[in-house]
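Step one of this worksheet: look at the structure below.
The values are calculated or read from the model by the stated rules, or taken from the named source; none is laboratory data. Source: prediction; values computed, not measured. Ideal geometry is used to build each Cβ from the backbone, glycine not excepted, and the neighbour counts take in all protein chains shown.
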Amino acid sequence: MGFKHPLFGAFGGIHHIYVNRTGLAAIKAGAGRHFPDGSVIVFDLLEAKQEGGALTEGKRKLLGVIVKNSKQYSATGGWGFEGFGEGSPDKRLVDPAKGGAKTQCFACHMAQAKHDYVFSNYRP
């Protein structure tokens, strides 16, 4: 498909984002939002493939989960991060030997500090 973004290999594809009821009002609030503790956001990333002249969903690349608990995860903006390759609980992607969530996840999310470290926005 010829995409050139440096993170396309890892995060390119079709994104489905889910949020629990606790975090729903915050994500709807948009800019300046603050997620309450107990908020959970799930990032479901699927391959994007061309098939029959259309862009379609392929296999699952990863399932990312973030959980807001300000006290437990104070070092990462109040968020706990986990990722699962192909959505499998046996393929954990956040590796303490590689710096864990602080290095592998939060380092990028820091750019979204104004949005409580969350990239996704609500679209009705």
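Quick notes
- Pairs are defined by a Cβ separation below 6 Å, a sequence spacing of at least 6 or placement on different chains, a first member in the stretch 74-86 that is at positive phi, and a second member that is surrounded by fewer than 16 Cβ atoms within 10 Å (Cβ to Cβ); the pairs so defined are G78/S70.
- Tally of residues being at pLDDT 90 or above and assigned to a loop (DSSP other than H, G, I, E, B) across the stretch 2-20: 1
- Applying the criterion of being polar (S, T, N, Q) and over 16 Å from F119 (Cα atoms) to the residues of the stretch 21-51, the residue that is modelled with the lowest pLDDT is Q50.
- Within the stretch 88-110, one or more residues are without any contact (Cβ under 8 Å) to a residue 24 or more places away in the chain and part of a strand (DSSP E or B).
- Scanning the stretch 111-124 for residues that are in a loop (DSSP other than H, G, I, E, B) and without any contact (Cβ under 8 Å) to a residue 24 or more places away in the chain yields F119, R123, P124.
- Scanning the stretch 76-87 for residues that are part of a loop (DSSP other than H, G, I, E, B) and either among the aromatic types (F, W, Y) or touching a Ser or Thr at 6+ places or on another chain (Cβ under 6 Å) (or both) yields a single hit, G78.
- Among the conditions (1) modelled with pLDDT of 95 or more; (2) of a type in the set (G, A, S); (3) out of contact with any helix residue (DSSP H, G or I) (no Cβ under 8 Å at 6 or more places or on another chain), the only one that G77 does not satisfy is (3).
- Residue that is farthest from Q112 (Cα to Cα), among those in the stretch 55-95 that are buried (at least 19 other Cβ atoms within 10 Å of the Cβ) and of a type in the set (D, E, K, R): K61
- A Cβ distance below 8 Å, combined with a sequence gap of six or more or placement on separate chains, defines the contacts here; from the stretch 42-54, residues that are closer than 30 Å to C105 by Cβ reach residues that are buried (at least 17 other Cβ atoms within 10 Å of the Cβ) and modelled with pLDDT under 90 in the pairs L45/G13; L46/G13; E47/G13; A48/G13.
- When every residue of the stretch 17-33 is checked against the conditions, at least one turns out to be more than 15 Å from the chain's Cα centre (by Cα), in contact (Cβ under 8 Å) with a residue 40 or more places away in the chain and buried (at least 19 other Cβ atoms within 10 Å of the Cβ).
- Test: E57 is modelled with pLDDT of 95 or more and of a type in the set (D, E): no
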